[in-house]
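What follows draws every value from the coordinates through simple rules; no lab data is involved. Keep in mind the model is a prediction, meaning the values are calculated, not measured. Note that each Cβ is placed from the backbone with ideal geometry, even for glycine, and that neighbours are counted across all protein chains shown.
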Amino acid sequence: MEKRVREAIRYLGFGKTAVDDRTFALIIKSFKELEETADERVVYHIFSLQTEPDNKIKIGNMTIDSIHLGKNLRGCQEVILFGATLGTGVDMLMKRRSITDMAGAVVLQACAAAMLEEFCDRCVEEISEEFKREGKYLRPRFSAGYGDFSISYQEEILRMLEASKKIGLTMTKGSMLTPIKSITAVIGVSDKNISCHREGCEVCDKTDCDYRRG
């Protein structure tokens, strides 16, 4: 089974329960529609990194107060700010589906989330290969909203990336990204290949979450 299909099933909350045939068919259909609709775009920039007193981190001119992000970036000399989106077409597809078929809309949302993760993983792998040629290694993506890394930093990350101009990625007053199926992240750059840093579910304290990876 494809990784993105497994991820969509996880997002739907099935956990270790086998997915039924109807839902599985909806998942396959949804990915086909998304492939025809998505306009995948990415932007990233490299910034200097400085560690300041009291767990504060300075990325370019942005100062962040986050213990969890600080642990993730320990030993790094630079940072990549990263943004990616599936585009406005996916938003419109999900909106139309929510009007005509709520069950289908739920599956479509899960598939879009899995597709976005797959796209980001692919982009970061390509970036990683470029850095390896220089003897540098990337840490896992770390997004605003993980742990104590406040989502309020999203606006400054978008500004530093010029994300609105370059990939059409903006945010609402409530710090939600638009298009909806989009992501921003911080990626540490180190001259040491350290594989023990965690990401996603592994860094989250909510161990009773229905969507947690096993």
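With the convex hull of the Cα atoms taken as the outline of the stretch 43-86, the averaged projected area works out to 3.5 nm². Mean residue ellipticity at 222 nm, helices only, the chain: -13000 deg cm²/dmol; runs of at least 4 DSSP H residues each add -39,500 (n - 2.57), and the sum is divided by the number of residues. Using the Cβ of Gly104 as centre and a radius below 11 Å, the other residues enclosed give a net charge of +2, where K and R count +1 and D and E count -1.
The alpha-carbon atoms of the stretch 84-167, seen along their principal axes, cover 51, 29, 27 angstrom, with the largest extent given first. Convex hull volume of the C-alpha atoms in the stretch 24-68, normalised per residue: 125 Å³.
A full extension of the chain between Arg6 and Asp148 corresponds to an added length of 48.3 nm, given 0.36 nm per residue minus the alpha carbon distance. Over all directions, the projected convex hull of the C-alpha atoms in the stretch 94-134 averages 2.8 nm² in area.
Counting Lys and Arg as +1 and Asp and Glu as -1, what is the net charge of the other residues whose Cβ lies under 11 Å from the Cβ of Leu177? Counting the neighbours of Leu177, the net charge comes to -1.
With 27 Å as the limit, write out which pairs from Lys32/Lys136; Lys32/Lys95; Lys95/Lys165; Lys71/Lys165; Lys3/Lys29 have Cα-Cα distances beyond it, or answer none.
Cα-Cα > 27 Å for Lys32/Lys136; Lys71/Lys165; rest within.
Counting Cα-Cα pairs of the chain in 5 Å increments starting at 0 gives whole-percent bin shares of 1, 7, 14, 17, 19, 17, 12, 7, 4, 1, 0. Between the stretch 64-106 and the stretch 136-192, the C-alpha centres lie 8 angstrom from each other.
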